1. I need the full set of residues from the range 71-93 which are part of a helix (DSSP H, G or I) and in contact (Cβ under 8 Å) with a residue 60 or more places away in the chain, in order please.
2. Quick check, is LEU50 over 16 Å from PRO33 (Cα atoms), out of contact with any strand residue (DSSP E or B) (no Cβ under 6 Å at 6 or more places or on another chain) and surrounded by 16 or more Cβ atoms within 10 Å (Cβ to Cβ)?
3. Is there any pair with a first residue in the range 22-40 that is under 17 Å from TYR54 (Cα atoms) and of a type outside the set (D, E, K, R) and a second that is outside any helix (DSSP H, G or I) and at pLDDT below 90 whose Cβ atoms are under 7 Å apart and which are 6 or more apart or on different chains, and what are they?
4. All but one of (1) buried (at least 16 other Cβ atoms within 10 Å of the Cβ); (2) of a type in the set (Lys, Arg); (3) touching a strand residue (DSSP E or B) at 6+ places or on another chain (Cβ under 9 Å) hold for ARG140; state the number of the condition that does not hold.
5. So which pairs qualify, if the first residue must be in the range 109-123 and not assigned by TED's automatic domain parsing to the domain that holds ASP45, the second must be modelled with pLDDT under 95 and charged (D, E, K, R), the Cβ gap must be under 6 Å, and the two must be at least 6 apart or on different chains?
6. Considering only residues that are closer than 19 Å to ALA84 by Cα and within 9 Å of the chain's Cα centre (by Cα), which ones fall in the range 113-141?
7. What number of residues within the range 94-120 are crowded, with 16+ Cβ neighbours inside 10 Å, part of a helix (DSSP H, G or I) and of a type outside the set (Val, Ile, Thr)?
8. Of all residues in the range 61-120, which are of a type in the set (Asp, Glu) and over 23 Å from ALA31 (Cα atoms)?
Amino acid sequence: MRAVLTLVVVAFGALMASAFAFSQDDRWDFAAPHKKRCSLGTMLDMNRCLADEYKKVDARLNDVYRQLTASLADPSALRKSQAAWVKFRDLDCEYASSGITTDGSLRPFNDNACRIDMTEKRIRDLERYLQWDCNGCPPRK
């Protein structure tokens with residue numbers, strides 16, 4: 001009985017420590033709500049769920065990007081910036097996952113979480129650009 005109680009206390013302590021660490025990262029992890037939505041089922045289920053979440057976030061990014069390019073007199077600088085950002089996102093996520101084997105079941109989850117996080121941040125940047133109205137801002141149509 002004492003061994004079972006000790007095991008329960010240790011397991012609860014570990015769970016609370018990981019929950020606290022996860023909540024501290026939530027401020028900067030824009031993928032956190034998506035990961036929480038995809039935290040049930042098998043690893044395959046979670047990977048599929050997070051891949052679907054990434055598709056939704058990427059579609060939102062594309063919508064905001066289209067709005068912004070349509071509003072600009074000359075969107076060529078934005079197009080170059082977006083192409084560079086996509087390369088940066090992919091390389092940064094490759095680095096973020098570099099400690100996980102490429103054939104492991106955790107790799108797709110980590111890759112999609114990274115892409116979601118970075119894409120959510122890029123959406124915020126592009127939305128801010130949509131609201132810009134200043135001297136020196138890119139000319140609008």
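1. SER71, ALA77, LEU78, listed by residue number.
2. So LEU50 fails the test.
3. Correct list of pairs: ALA32/ASP26.
4. It fails just one condition, (1).
5. Taking only residues 6 or more apart or on different chains, not a single pair turns up.
6. Once the filter is applied, which keeps residues that are closer than 19 Å to ALA84 by Cα and within 9 Å of the chain's Cα centre (by Cα), the range 113-141 yields CYS114, ARG115, ILE116, ASP117, MET118, THR119, GLU120, LYS121.
7. Qualifying residue count, the range 94-120: 12.
8. Answer for the range 61-120, where residues must be of a type in the set (Asp, Glu) and over 23 Å from ALA31 (Cα atoms): just ASP74.
The values are calculated or read from the model by the stated rules, or taken from the named source; none is laboratory data. Worth saying up front: this structure is predicted, and the values here are computed from it rather than measured. All Cβ positions, glycine included, derive from the backbone under ideal geometry; neighbour counts span all protein chains shown.
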